[in-house]
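A short write-up of the structure that comes next.
Please treat every number below as a calculation from the coordinates, not as lab data. None of the values given here were measured: they were computed from a predicted structure. Cβ: placed from backbone, ideal geometry, glycine included. Neighbour counts: every protein chain shown.
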Amino acid sequence: MSVSFDELLAAAIEGPSGRFLFYRALVELELFVIGSVEDDESLNLKYIEEDGELVLPVFTSRDKFDEIFESEYPYVRIPAAMLLEMAGTAIPWLVNPFTGLSKKIIREELETLKDGRILNYFFEQLRDDEKEKILTEQMEELPEEAMDVLRTCLRNFPTVKKAYLVNLFDPVVADPAFPLLAVEVEAVEEGLVGELFGAINHQAELQIEVMILDEGFPLARSIVEHTRPFYFRESVDELRTLFD
């Protein structure tokens with residue numbers, strides 16, 4: 001069952017464990033603001049005053065906008081990330097004002113929401129089980145038929161010894177997890193990553209990123225320690241020794 005934005009806001013107000021999901025939902029939303037678009041490049045927005053401070057009223061749904069203003073004012077429907085870029089971060093937002101449950105997003109929040117720092121900060125504040133739950137929800141396992149296609153493709157690259165398929169999630173950019181093919185190779189050949197990327201994504205329905213495992217990188221060590229390879233390539237000599 002999906003969680004409403006009001007429920008996310010209530011959880012964020014209640015305690016820090018709900019704040020990552022709140023900010024992540026906010027930056028992914030399409031917002032409704034009073035105003036108009038000029039020349040497709042600039043916004044003409046209407047601000048209001050609250051406690052002697054100028055703020056920008058933003059609404060998380062058309063219903064909430066109409067609940068307050070009905071058809072009295074024109075509105076712009078705009079992704080939150082685009083509003084951050086076009087309107088800047090100097091003037092605070094007032095999210096869902098006059099609707100019963102609202103929140104002021106101050107300048108510091110807007111600045112760190114724009115560059116993703118606030119998402120990273122509150123993700124790191126989560127307990128390990130909360131992080132794992134979010135990561136699990138982001139993962140999209142490929143069906144076994146698709147995995148077989150990847151194995152067949154990898155057989156065309158003799159230098160690849162092992163391959164791991166993992167999902168990477170970056171809380172800073174508030175994007176869904178994406179699949180990464182990490183390969184262990186006998187020797188790094190020039191252009192190998194590009195060739196693998198082209199071959200894999202020519203066959204795959206979902207774009208898969210490619211990297212060569214280097215034990216010097218923490219990510220590579222983590223993949224090897226916590227993930228089971230889905231592809232092995234043993235040399236003929238190694239197979240012969242099994243019966244010697």
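Label Lys131 and Arg107 with points 7 Å out from Cα along Cα→Cβ: what is the distance between them in nm?
3.3
Short version: ³J(HN,Hα) in whole Hz for each residue of the stretch 157-172, in order, from phi by Karplus 6.51 cos²θ - 1.76 cosθ + 1.60 (θ = phi - 60°), x for Gly and Pro, what are they?
10, x, 6, 7, 8, 9, 9, 10, 10, 10, 10, 9, 10, 10, x, 5
Express in % the proportion of alpha carbon pairs of the chain at distances exceeding 22 Å. Working shown, then result.
Values: 19045 of 29646 pairs.
Distances greater than 22 Å cover 64 percent of the Cα pairs.
Among DSSP bridges having both ends in the stretch 1-99, what percentage is antiparallel? Round to the nearest 5. Walk me through the numbers before you get to the answer.
Values: 14 of 17 bridges.
Restricted to the stretch 1-99, the bridges split so that about 80 percent are antiparallel.
Work out, step by step, the length gained on full extension between Leu43 and Glu225: first 0.36 nm times the residue separation, then minus their alpha carbon distance; give nm to one decimal. Walk me through the intermediate numbers first.
Details: separation 182, 0.36 × 182 = 65.52 nm, distance 4.99 nm.
Full extension from Leu43 to Glu225 adds 60.5 nm.
Run a plain Debye calculation on the stretch 1-55 (Cα atoms as equal point scatterers, no solvent) and give log10 I(q)/I(0) at q = 0.20, 0.24, 0.29 Å⁻¹, rounded to two decimals, same order as the q list.
The calculated log intensity ratios at q = 0.20, 0.24, 0.29 Å⁻¹ are -0.88, -0.94, -1.03.
Once the Cβ-Cβ distance between Glu215 and Glu190 is put in as r, and R0 is 25 Å, what FRET efficiency do you end up with, to the nearest 0.05? Show your work: numbers first, answer last.
On the way: r = 20 Å, r/R0 = 0.82.
Between Glu215 and Glu190 the formula returns 0.75.
In square nanometres and to one decimal, what's the mean projected area of the convex hull around the Cα atoms of the stretch 1-95?
Details: hull surface 28.9 nm².
Mean projected area of the Cα convex hull: 7.2 nm².
Taking H placed 1.01 Å from N in the peptide plane, check which residues at least 5 places from Lys161 or on another chain put their amide H under 5 Å from its amide H.
For Lys161, the qualifying residues are Glu184, Val185, Glu186.
Cα-Cα over 28 Å: which of Lys64/Lys133; Lys131/Lys161; Lys64/Lys131; Lys104/Lys131? Before the final figure, lay out each step's value.
Numbers: Lys64/Lys133 30 Å; Lys131/Lys161 32 Å; Lys64/Lys131 31 Å; Lys104/Lys131 26 Å.
Exceeds cut-off: Lys64/Lys133; Lys131/Lys161; Lys64/Lys131.
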